[in-house]
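Reading through the C-alpha cells given below for one structure.
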Amino acid sequence: MKNIILVGFMGVGKGSVAREIIKISDYMSIDTDDLIESMENRTVKKIFEESGEEYFRNLEKKVSLWLQNSVTNTLISTGGGFYKQKNLKDIGVVVFLNSPFDKILKRIKSHPNAAKKLKKRPLLNDLKKAKELYKERLPQYTAVADIIIDVTDKSALECAKELLLKVKTDA
Ligand code: S3P
C-alpha cells in the first residue's frame, strides 16, 4: 500500500473522506494540521496569530520531510496549503478533492458547528479573499494531482469508495 495524500481547499471534506476510508480499508490516517498542533501544543489558529503564516509554512515543510522519510502505508490528510510542498510526489499518490468554491462554502455553512469551522481557519475569515485564494490555487491543485475526485453533492463514503477504486486502478 502506497501512501495516499489528500489535498484540496479548506472545507472540501478531506477529513470526512479520510474517516470513511479508514472505515472501509486497511488504511490508518494522519492529518498534517494535527501533527503540527501536537508538535507546537497550540492550535493552527493560534500559530497564525502568534507566529504568522510563514512560520506555519515552515512547520508544514518539516512535516513533509518527515512524511517522506518515515511514513508508509498511510492515508495522509493535509491542510489546504500543504500541496505546495516540493516533495509531495515523493510522499505518495496525490489525490485532489475538488468542488466549486460556492459548494464548499455551502458545505461548511450547513455544518452544525459552522461558526467554529469558519473561526478555526484564519484564511477563511474574509470570504472574498478566500474566493480569490481558491481561484489562484485551483490550477495548482490540478497540476500536482495524480487523481482528481469531484466531491460535489456526493457523500464522504461515496468519495472514499471512488478514491480507493481509482488508487487501485492507477497503481
Ligand atoms: C490552510 C488550510 C487549513 C490549515 C491552515 C491553512 C490553507 O487546513 O492548514 O489554516 O492554507 O488552506 P484545512 O484545509 O484542513 O482547513
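Any read-out appearing in this document is the output of simple, stated calculations on the displayed coordinates, not a laboratory observation. The model shown is predicted, which means the values in this text are computed figures rather than measured ones. Counting neighbours? That spans all protein chains shown, and the Cβs are built from the backbone with ideal geometry, glycine included.
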Listed by chain and number, the residues whose amide H is under 5 Å from that of ASP31, excluding neighbours fewer than 5 places away on the same chain and using placed H, are SER77
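If R₀ is 22 angstrom, what is the calculated FRET efficiency for the pair ASN41 and LYS62, using the beta carbon separation as r and rounding to 0.05? Mind showing how you got there, number by number?
On the way: r = 15 Å, r/R0 = 0.69.
Once the sixth-power term is evaluated, E becomes 0.90.
Let a ≥ b ≥ c be the square roots of the eigenvalues of the Cα gyration tensor of region 8-101; is it rounded (a/c under 1.5), or, if not, prolate (a/b larger than b/c) or oblate?
On the way: a/c = 1.58, a/b = 1.33, b/c = 1.18.
Judged from the Cα gyration tensor, region 8-101 comes out prolate (a/c at least 1.5, a/b above b/c).
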Taking only C-alpha pairs under 8 Å that are 6+ residues apart, what is the relative contact order of the chain in percent?
35
Can you work out the Karplus-derived ³J(HN,Hα) for every residue in region 54-69? Use 6.51 cos²θ - 1.76 cosθ + 1.60 with θ = phi - 60°, whole Hz, and x for glycine or proline.
4, 4, 4, 5, 5, 5, 4, 5, 4, 5, 5, 5, 5, 4, 4, 8
Aspartates and glutamates within cross-link reach of LYS109: Cα-Cα under 15 Å, excluding same-chain residues under 8 positions apart?
ASP126, ASP153
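Under 1.5 on a/c is rounded, so check that first for region 28-154, then, if it is not, pick prolate when a/b is larger than b/c and oblate when it is not; a ≥ b ≥ c are the square roots of the alpha carbon gyration tensor eigenvalues. Intermediate results must be reported in sequence, preceding the final value.
Details: a/c = 1.61, a/b = 1.14, b/c = 1.41.
Oblate is the answer for region 28-154, as a/c is 1.5 or above yet b/c matches or exceeds a/b.
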Listed residues SER155, SER64, SER51; largest mean-square fluctuation, Gaussian network over the chain with Cα springs below 10 Å, found at SER51
Of the cross-linked pairs LYS45/LYS168; LYS84/LYS120; LYS61/LYS128, which ones have a Cα-Cα span greater than 32 Å in the structure shown?
LYS45/LYS168
For a quick check, take a GNM of the chain with Cα springs below 10 Å and name the residue from GLY13, GLY79, GLY52 with the largest mean-square fluctuation.
GLY52
Output the pairs from LYS89/LYS116; LYS14/LYS62; LYS89/LYS161; LYS2/LYS131 with a Cα-Cα distance over 29 Å in this structure; if there are none, say none.
LYS89/LYS116; LYS2/LYS131
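Can you give the extra length, in nm with one decimal, that the chain gains between LYS128 and SER155 once fully stretched, where that is 0.36 nm per residue apart less the Cα-Cα distance? Kindly include the intermediate steps, with their values, before the conclusion.
On the way: separation 27, 0.36 × 27 = 9.72 nm, distance 2.69 nm.
Length gained, LYS128 through SER155: 7.0 nm.
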Give me the extension gain from LYS106 to ILE147: residue separation times 0.36 nm, minus the current Cα-Cα distance, reported in nm with one decimal.
12.3 nm
Through the Karplus equation 6.51 cos²θ - 1.76 cosθ + 1.60, θ set to phi - 60°, convert the phi angles of region 113-130 into ³J(HN,Hα) values in whole Hz; use x for Gly and Pro.
9, 3, 4, 5, 4, 6, 5, 6, 10, x, 7, 10, 4, 10, 5, 5, 5, 5
